[in-house]
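Here's the structure, in structure tokens; my notes come after.
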Amino acid sequence: MPLELFLDLYSPPCRAIYIFAMKNGIPFELRSVELGRGEHLKPEFLKVNPLGKVPALKDGDFLLAESVAILLYLSRKYHAAAHWYPPELQACARVDEYLAWQHTAVQLPATNIYLCKSLLPYFSEQSVDPVCLDRLLGKLKPALQHLDQEVLAAKPFLATEELSLADLMEFTELMQPTAVGCDVFQDWPRLAAWQARVEAALGPELVRDAHRLVLQPRDPRDAQRDPKLAQELVQRLLERLS
Amino acid sequence: MPLELFLDLYSPPCRAIYIFAMKNGIPFELRSVELGRGEHLKPEFLKVNPLGKVPALKDGDFLLAESVAILLYLSRKYHAAAHWYPPELQACARVDEYLAWQHTAVQLPATNIYLCKSLLPYFSGQSVDPVRLDRLLGKLKPALQHLDQEVLAAKPFLATEELSLADLMEFTELMQLPCLPSPLLLAAMSSKTGPGWQHGKPEWRLLWALSSSGMPTGLCYSLGTPGTPSGTPSWPRSWCRDCWSGSAEGGVAGPAPLHSPVPINMPCALRLPLASLGLGRWGLPTSEQNLEGQEMSRDDAA
């Protein structure tokens, strides 16, 4: 049984896993789970992850959720190059520190910006709420400032002197609001330089391939093909943004 | 230079680290950072963690934040028993999965409940906002349901068949909720309990008192406080600092047990679950007399 990765490339953690697997030549079968079509809520996917979230991994009988856990699993199983998750105690701790911090400091606010700017208007057919967007951008700002002014002032990558899982997660995460018109790099020159550095290290073609979906504007007509689903998703999104 | 751990035991992740270090016999110096006094915002602490958050670790020149990172670091450096973070690929992945999930699924909502129910009313002098509290409790419910109905239906611990870092983190996180000091606030407002500084309106100093003082806290449910009749404590009264100190109304006055399984300075609401975690006999460094099992006097235990 081949390794199966259940991903929606609209999702930043999914892109991180996709890029990692491709970059490291890990053989896998991509199982596309289209969140926009509610496929994460269907029984078939809930068998893989009862929490109904992507990314998810299926390796024979072994099921695993959570992007950080999946990246570490793949890294260990396929003996990825040491720079991704260094064996040295302190370097490894630095990557762990970042991977822990980013959940609430980066991922949560960056996702909410994306929901507010793109998904909610898409499904609800309402225009973007500028007050909400502004508030959410404000929640991401401290993290951007910290990375630009403190972390990247001292080194070229986020955790160590080389590209690691920390950079990969951050990269795909910050591409999310940027892809829908909230350019989070524009006020932060070191962060912008870091972004270019990471893209170069990952390979521009692979980055483009992984981001092809999120960089395209959505067709509003697609959302209304299933109005009931659209309504349900709107409720869920509003709940998340509250 | 000894290992320094910058902790406030009010904070669940700090307690997880404290328990882990104590349980594993890791030598460290506790650097208390009292959030209630704003010590996390002071320049001295910001040198340790510029983000101004506890827990933080200082090992020589090496500074580290984030409880999960600190637990993994300690686990590796001090070669903790394998069950904490198993070497097997899939077992390890299970622990990683939990440690990642809990940030937003458990820690965030549980902390918000605590802030809404305890800290905000405490500092603002306003009563709890019930609508908000209800909404916040609703945000934690899916996680509790998942753990109870799915995860723990299949195994005795959260990640593997044995206690791991996942259980430790979850435990201290969920313990934040029953410890909500409603009796505490009542006790603080009551003239019947405690010394002078507890009289009248709740004061921020009370938070400090909970974490570092040997004074009775009013947290014990065996205490009869106005508006809160004496309940039946579900833990041995002899473990309770309030009861032991003899200040409990109707509580049992007497010396501490010979082998206190948990730090005697802790309010009792925290202590039972620590012991029931099956951590065995451990505690704060006490006099040799205590460790030898000799009877402690009241003064010794304070």
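The values are calculated or read from the model by the stated rules, or taken from the named source; none is laboratory data. In this text the structure is predicted, and so the values were computed from the model without any measurement. All Cβ positions, even for glycine, are placed from backbone atoms using ideal geometry, and neighbour counts span all protein chains on display.
Table for the structure above
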{"item": "Subset of the stretch A:181-191 (residues that are assigned to a loop (DSSP other than H, G, I, E, B), surrounded by fewer than 22 Cβ atoms within 10 Å (Cβ to Cβ) and in contact (Cβ under 8 Å) with a residue 12 or more places away in the chain)", "result": "A:Gly181, A:Cys182, A:Asp187, A:Trp188"}
{"item": "Residue satisfying condition, being out of contact with any strand residue (DSSP E or B) (no Cβ under 6 Å at 6 or more places or on another chain), modelled with pLDDT under 95 and either of a type in the set (Ser, Thr, Tyr) or surrounded by fewer than 20 Cβ atoms within 10 Å (Cβ to Cβ) (or both), within set A:Thr160, A:Thr178", "result": "A:Thr178"}
{"item": "Test for A:Gly38: is it farther than 19 Å from B:Tyr98 by Cβ and either out of contact with any Pro (no Cβ under 9 Å at 6 or more places or on another chain) or at the interface with another protein chain (Cβ under 8 Å from one of its Cβ atoms) (or both)", "result": "yes"}
{"item": "Residue count for the stretch B:45-63, restricted to those that are within 19 Å of A:Val151 (Cα to Cα), surrounded by fewer than 23 Cβ atoms within 10 Å (Cβ to Cβ) and not basic (Lys, Arg)", "result": "10"}
{"item": "Within the stretch A:69-79, tally of residues that are within 13 Å of B:Ala91 (Cα to Cα) and more than 7 Å from chain B (Cβ to nearest Cβ)", "result": "1"}
{"item": "Count of the stretch B:86-122 residues which are in contact with a helix residue (DSSP H, G or I) (Cβ under 7 Å, 6 or more places away or on another chain), buried (at least 20 other Cβ atoms within 10 Å of the Cβ) and within 11 Å of another protein chain (Cβ to nearest Cβ)", "result": "11"}
{"item": "Failed item, numbered, when A:Leu144 is tested on (1) over 20 Å from the mean Cα position of the chain (by Cα); (2) free of Cβ contacts under 8 Å to residues at least 60 places away in the same chain; (3) more than 26 Å from A:Leu7 (Cα to Cα)", "result": "(1)"}
{"item": "Failed item, numbered, when A:Val214 is tested on (1) surrounded by fewer than 12 Cβ atoms within 10 Å (Cβ to Cβ); (2) within 16 Å of the chain's Cα centre (by Cα)", "result": "(1)"}
{"item": "Test result for A:Glu66, more than 10 Å from chain B (Cβ to nearest Cβ) and of a type in the set (Asp, Glu)", "result": "no"}
{"item": "Strands (runs of 3 or more DSSP E) (entirely within the stretch B:10-121) containing at least 1 residues that are under 21 Å from A:Ala69 (Cα atoms)", "result": "B:62-65"}
{"item": "Residues (within 23 Å of the chain's Cα centre (by Cα) and more than 10 Å from every other protein chain (Cβ to nearest Cβ)) located in the stretch B:47-63", "result": "B:Val48, B:Asn49, B:Gly52, B:Val54, B:Pro55, B:Ala56, B:Lys58"}
{"item": "Residues within the stretch A:122-135 that are in a helix (DSSP H, G or I), without any contact (Cβ under 8 Å) to a residue 40 or more places away in the chain and in contact with a Leu (Cβ under 9 Å, 6 or more places away or on another chain), tallied", "result": "0"}
{"item": "Hits in the stretch A:160-178 (condition: without any contact (Cβ under 8 Å) to a residue 60 or more places away in the chain and either touching a Leu at 6+ places or on another chain (Cβ under 9 Å) or assigned to a loop (DSSP other than H, G, I, E, B) (or both))", "result": "A:Glu161, A:Asp167"}
{"item": "Residue in the stretch B:1-44 that is surrounded by the fewest Cβ atoms within 10 Å (Cβ to Cβ), counting only those that are modelled with pLDDT of 95 or more, closer than 22 Å to B:Leu115 by Cα and of a type in the set (Phe, Trp, Tyr)", "result": "B:Tyr18"}
